[in-house]
1. Please work out the Cα center distance from the range B:223-251 to the range A:353-392, rounded to the nearest Å.
2. Could you give the distance between the Cα centres of the range B:148-208 and the range B:45-80, to the whole Å?
3. As a test of the formula, what do you get for chain A when each DSSP H run with n ≥ 4 contributes -39,500 (n - 2.57) and the sum is divided by the residue count, at 222 nm and rounded to the nearest 500 deg cm²/dmol?
4. Counting Lys +1, Arg +1, Asp -1, Glu -1, what net charge surrounds A:TYR219 among other residues with beta carbon under 13 Å of its beta carbon?
5. Neighbouring Cβ atoms within 10 Å as the yardstick, rank B:ASP105, A:ASP127 fewest first.
6. Please average, across the residues of A:18-25, the number of beta carbons from any other chain that are within 10 Å of each residue's own beta carbon, and give a whole number.
7. Determine, for A:LEU212, A:LEU218, A:LEU350, A:LEU41, the number of other Cβ atoms within 10 Å of each Cβ, and report the residues in order from fewest to most.
8. With no solvent and one point per C-alpha, what does the Debye sum give as log10 I(q)/I(0) for the range B:62-217 at q = 0.08, 0.15, 0.17 Å⁻¹?
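Only the coordinates and a few stated rules stand behind these numbers; no lab work does. Here the structure is a predicted model, which is why all the values come from computation and not from measurement. Positions of Cβ are generated from backbone atoms using ideal geometry, with glycine treated the same way; all protein chains shown enter the neighbour counts.
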Amino acid sequence: MPELATPGVPLVPLVGWGRTAPTRAALTPVHDDDEARAAVLAAGGRGVVARGLARSYGDAAQNAGGTVLDMTTANRVLHADLDTGLVDVEAGISLDELMNRFVPQGFFVPVTPGTRLVTVGGAIAADIHGKNHHVAGSFGQHLRWIDLLTADGQVRRISPESDADLFWATVGGMGLTGVILRARVQLKGIESSRCLVDTDRTPDLDSLMTLLSETDHLYEYSVAWIDTLAKGKRMGRSVVTRGRFAKLDELPAKRRSEPLKYHGSVRVSVPDVFPPGLLNLATVAAFNELWYRKAPEHKRDQLQSIPTFFHPLDAVGGWNRIYGPRGFLQYQVTVPFGQEEAMREVLDRLGHFGTASFLAVLKRFGPGNPGMLSYPSPGWTLALDIPVMKGLAGLLDSLDEVVIAAGGRTYLAKDSRVRPETFEKMYDRLDDFRAVRKQVDPDGVFTSDLARRLAL
Amino acid sequence: MIDALGSPSSLLLVGGTSDIAVATAHRYLAERPLRVVVAARDTPRRGSVAAELQAAGAQVRVVDFDAADPGAPAAMVAEAAAGGDVDVAVVAFGLLGDADRLRSDAAAVAELAQVNYVAPTVVGTELANQMRRQGHGVIVALSSVAGERPRASNFVYGSTKAGLDAFYSGLADSLVGSGVSVLVVRPGFVRSKMTEGLDDAPLATTPAAVAEAIVSGVRKGRHTVWVPGAMRWVMSGLRHTPRAVFRKLPI
């Protein structure tokens, strides 16, 4: 028998959201600091990494042959100050649970991605962004402190003031500086649980970028959905949805009695075995066409619920299964302002390659933060899901070259295939990150498939 | 690590000077640079293969391996893994042997069985142990259509490949759930240094074609590939041919 990473804990296969590249690890549930410390100190040569709700598309929360800590079992709210909106939570709590608890009390999470099924620990490790990045920045900017279990078994309370280097290596650090145990998060006050949403249709990429550049600052939340299969003059045609939370007096009279009513739930689930071949170029193109045509050309102040506006896909459980057994990936890259041509080339080549991709998301980022591996930086970010198919590896490698030449980068939480040499050119503070890691984890206890693949 | 699109970052070539092993490395290198460990006897050809792969963008390491030495596999796998995880290992060594001599020379039969069957099973066991510890990896074993139904003209070679094929097919099943997988490759007649001077058999193929099948098989998570693909149906027919007829076929 092979030696087990943790005696008595069997190895189980783990994958990310894209369901590609499975590897085996000892999945160890963590309920408290002592269990986490014991697992870290007992980790063998293959090391340890923490895992939350596994919404990273690739291999960030996998550790082949080693230990993976299941943090979702440490998910309590430890303290909540309803005057200030400061909450102390365990890292395994999900944004979904935070919303269930605090939206009815008048608080929303400071940043949410397209799914609320992520943990706070994962949100910090990936330094997630959302539709409000251009005004609010990313998740790490809304923390007062993090409790981090480091390789020596110590729990350190780190903040931007007390330990700037370790804090900003941990924010966006993909769990490679230690185990994030707890954090104090600044929630955002809201008067209602409804959003006022404006919708605009733009016929091509130029008009889309112009619209976003000129008027994004008027909105707190903004995102555009692009039809990646539209070519030629229609390339980049989009539906732009932008909005903000409604104030109490902006609600219709019948809703004012319960302005903070909130219900987030999964409505239907994709069956375990989804008919392969149902997703092809023809069906996806038809879907995209219908979706574009049914969107209003110009609509103002439409009231939408939080799930409808922020998390439309969360209504369908296990939607990642529609891409079949070979899985899929998400290609997400950003290029700086002034490099719009690079974004056009990326979109154009993806469109001509003919991936059966649903919509791509385009957004304008605001300023970045000091996170050494934090993804957002001023410019345009594009994200689209692509099923694994022949020729994709070569295409994406060549698109990476376009992105690097434009001074852009790829997002580690989504990545499952970038080349290590390519990645080196994307993050100019990678050496700083490595220096912090070497100091706080000299023996390299914290590692993951992602860390091995990219030689982080 | 092998990424989401089936691209490995390291490759171990056991029998690293075989034409199929070298072609496989070139096929991978045409896409991306990667680490390549060349395990082979210390010969001038090993040096030139290492230089050639380096020039093609590989980060090459050379490790001693002699299939005739029973202690070689353990040391070879340990040394190969010292530089990092072995993502894909190609077991590509083997001898064709002189069929006429093998008909009567017991020592030659023993040597062929050692190199073509015993050593590959020991290598496979060591690789499986290493990859189970890693929690991931793919072992590619070069079998042959000759093992599907050994024929009088080269039955000793065929029998060693039949044994190797059975071993790796069984190993594949025993590794289910371990994160490690095995790809058994069954080429027909391959024009290479092993078959130099021999006349082409029907459906003859090339090292490059076998390499293509290996890369695509690993990418798709296949368990068996035939090269060329039509060989599967030809061999299926031959397997069910009555012995009296099979014996008289000019193959």
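1. After rounding, the separation between the Cα centres reads 50 Å.
2. 21
3. One gets -7000 deg cm²/dmol as the mean residue ellipticity at 222 nm.
4. Numbers: positive: A:LYS131, A:ARG242, A:ARG244, A:ARG300, A:LYS363, A:ARG364; negative: A:ASP198, A:ASP200, A:GLU214, A:ASP216, A:GLU220, A:ASP301.
Neighbourhood net charge equals 0.
5. The order, fewest Cβ neighbours first, is B:ASP105, A:ASP127.
6. 5
7. Taking fewest neighbouring Cβ atoms as first place, the list is A:LEU218, A:LEU41, A:LEU350, A:LEU212.
8. With one equal scatterer per Cα and no solvent, log10 I(q)/I(0) is -0.23, -0.82, -1.04.
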